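Visitor: First the structure, then my questions, so here it is.
The values are calculated or read from the model by the stated rules, or taken from the named source; none is laboratory data. Keep in mind the model is a prediction, meaning the values are calculated, not measured. Here the Cβ positions follow ideal geometry from the backbone for every residue, glycine too, while neighbour counts run over all protein chains shown. The area values use the complete protein model at the heavy-atom level, side chains included, leaving out ligands, DNA and RNA. Shrake-Rupley method; radii C 1.70, N 1.55, O 1.52, S 1.80 Å.
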Amino acid sequence: MSENVPVLPAKNGGKRRTGLVVGAVVAVVVLVGALVFAFTRPDADDSAAGDGATVVRLGTTDVGQPHWEILKELAAEEGIDLEIVGFSEYTQPNPALTEDEIDLNAFQHILYLADHNNNTGDDLQPIGSTLIVPLPLYSQKHTDVSEFTKGEQVAIPNDATNQARALFVLEEAGLIEFTGEPKVPTPDDVDTDASTVVVRPVEASQTAGLIGDPDVAGVIVNNNFATDAGFDLDSYVFADDPNSPGAQPYINIIAARPDDADNPTYQKIVELYHDPKVLESVVESSGGTATIVEGYDAAKLQDVLAQTQENLKAAG
C-alpha cells in the first residue's frame, strides 16, 4: 500500500460492535460518470483482442477518475485489455453484470450488493476489496469527543440509507448508548439517560449547513455534502473505524458473476488495483478521505456478503 494512504483515527472509548451494520441501501460515495453506454451481449469471439490480449470489461459510475487509466496501463503489461465502461446510474452496473454485458463492476459496497441480490434473486459476488469512505463527525465547538457535554445536539442524516450508520458512529465515539443491540438502530433505540448527546435527525443535505447552528454541537456529514460545503475533510472529530466489524458492509468491492469468482484474470485485476500507483491516485481523487481496504480476500468478502444478506432479510 502507498504510504500516502490515510488511516482513520482510533476510537475514543466507544464500544466495539460485534455485529454487522445492516440497513437500507447506501450508494457508494463516488462521482457519477457523465456517459451512458448502450450495451449488447458480447459475442463469444469478442473475449480476446486482435493482438492476443484478453479483454475484460469493467463497469463503474466514476469512469472519469484517473486511477482507471493507471489500472488499464498496468493490465496491458499483463496482457489484459481492460475496458472501463461508464454508467450514469447506480442501478445499471449490476444488471449489466448479470446479463454478461460487462465482466466486472466496481461502484458499490457490500451492503448495496446484498440488497441487490436479495431483491433480484441474483448471486453476484465480491472478488476483491477497494476502499471505504468514513462517515465523520464534525464540530466547530469541540475538537475531541470528550469535550461534548450532556444534552448537546448532534445532527445526523434522517434517511434510511445513512441513519443507522450515523448512530453506530456516535456509539463508537462513546456519545450515545442503545437500549439493546439493534441491527438497524433508529433514534428510538437510543438510551437518552445513558447517552451524552441528543440526536437530531435532519435531511442528509442539511447536515453540513448546521455546523454553525448555536444549538448544534456536532454534525455527521456524508463525504459528498462535506466537500460541497467546503469542509476541511481532515478536520473531523471522529470517524468510524474501517477495521471494525460494523464497517464491513460499507467496504467497496469489485464484483463478478458467481461462476467467475475464481477467474484468475479477474483476480489479477484485483491485484493490480492494489498497486501503489493506483492506490495513490484513488486516495488523491477522494480528497484524502478514502481508506484502502486490505486483508480481505474473496472468500472473506463473500462471507461478509452472505451474513449481510441474512441480516437484511431478518430486519425485513
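Visitor: Within the group ILE102, ILE127, which residue is open to solvent by less than 20 Å² (accessible area, probe 1.4 Å), at pLDDT 95 or above and in a strand (DSSP E or B)?
Guide: ILE127
Visitor: I've got another one for you. May I ask you to list the residues in the range 239-249 that are open to solvent by 10 Å² or more (accessible area, probe 1.4 Å) and either among the basic types (Lys, Arg) or part of a helix (DSSP H, G or I) (or both)?
Guide: PRO245, GLN248
Visitor: If you take the residues in the range 54-73 that are of a type in the set (D, E, K, R) and closer than 17 Å to HIS274 by Cα, which one is most open to solvent (accessible area, probe 1.4 Å)?
Guide: GLU73
Visitor: Name the one entry in ASP228, ASP234, ASP213 that is modelled with pLDDT of 95 or more and out of contact with any Leu (no Cβ under 8 Å at 6 or more places or on another chain).
Guide: Result of the check over ASP228, ASP234, ASP213: ASP213.
Visitor: Right, next: Which of (1) open to solvent by less than 30 Å² (accessible area, probe 1.4 Å); (2) in a helix (DSSP H, G or I) is the odd one out, the single condition ALA255 does not satisfy?
Guide: Of the numbered conditions (1) open to solvent by less than 30 Å² (accessible area, probe 1.4 Å); (2) in a helix (DSSP H, G or I), the odd one out for ALA255 is (2).
Visitor: For residues that are assigned to a helix (DSSP H, G or I) and closer than 20 Å to TRP68 by Cβ, scanning just the range 282-316, find the one that is most open to solvent (accessible area, probe 1.4 Å).
Guide: Restricting to residues being assigned to a helix (DSSP H, G or I) and closer than 20 Å to TRP68 by Cβ, the top hit is GLU284.
Visitor: Another question about this same structure. May I ask you to list the residues in the range 157-191 that are in a loop (DSSP other than H, G, I, E, B) and at pLDDT 95 or above?
Guide: ALA173, GLY174, LEU175, ILE176, GLU177, THR179, ASP191
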